[in-house]
Amino acid sequence: MHEVKACGVLVFRSTPVESFLLMRHPRRLDLPKGHLDAGETERQCALRELEEETGIRAADLELDDGFRFTLGYEVDGRRYGLGERVPKTLVIFLGRLIHEVPIQCTEHDGFVWVPWNPPHRIQAQTIDPLLAAVEAYRGLATRG
């Protein structure tokens, strides 16, 4: 069975967290992410897609090595030439900008810095579970 995998980075500004970056699509907000290329690691894919879609380079942020979010769901496989429905795995890393970077949208209608104010209700399938996982992770980190 074929599987589709997409990787991306949830980018935060400031410490403590002030806001996070989402990309504008015509009907929704989404993360900067994209599909894994052959021979590429998940981390390489996430950083490549982040730079391609926003202009943020790996040198512009600090990745949190302790956080890796995964979520599985089904998508329309015809888009990939794989049949009706196929499993998709989403892998998201957590990054913090180490300095301000002008966002350069190349594949989206724009972007928004969303204030960190949990609980978030943005998009039920992927973004809300990701943000809940980040909040739980941050809670453990501050207690630990």
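Since every read-out is calculated from the coordinates, none of them should be taken as a lab result. Predicted model, so just to flag it, every value in this text is computed and none were measured. Don't worry about glycine lacking a Cβ; one is built from the backbone with ideal geometry, like all the others, and counts go over all protein chains shown.
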In the range 54-144, the GluC sites (Glu not before Pro) that sit in a DSSP loop and have at most 14 other Cβ atoms within 10 Å of their own Cβ are Glu84, Glu100, Glu107
If I model a spin label at Lys5 and Arg48 as a point 7 Å from the Cα along the Cα→Cβ vector, what separation in nanometres do I get? 1.2 nm
Radius of gyration and Dmax over the Cα atoms of the range 4-143, both given in Å: 14.8, 47
Could you calculate the contour length gain from Glu135 to His99, that is, 0.36 nm times the residue separation minus the distance between their Cα atoms, to one decimal place in nm? 10.7 nm
Most exposed to least, judged by fewest other Cβ atoms within 10 Å, His120, His25 sort to His25, His120
State the antiparallel share, in %, of DSSP beta bridges confined to the range 4-143, rounding to the nearest 5. 75 percent
May I ask you to compute the full-extension gain from Arg121 to Leu63, defined as 0.36 nm times their residue separation minus their alpha-carbon distance, rounded to one decimal in nm? 18.4 nm
Near-label residues of the range 1-44 by backbone N, under 17 Å of a point 7 Å along Cα→Cβ of Leu82: 1-8, 33-42
Could you tell me which Cys residues in the chain have no other cysteine's Cβ under 4.7 Å from their own Cβ, answering none if every one has a partner? Cys105
Mean ellipticity per residue at 222 nm, deg cm²/dmol - from DSSP H runs of n ≥ 4 across the chain, formula -39500 (n - 2.57): -7000 deg cm²/dmol
If Ile92, Ile56 are placed from fewest to most neighbouring beta carbons inside 10 Å, the sequence is Ile56, Ile92
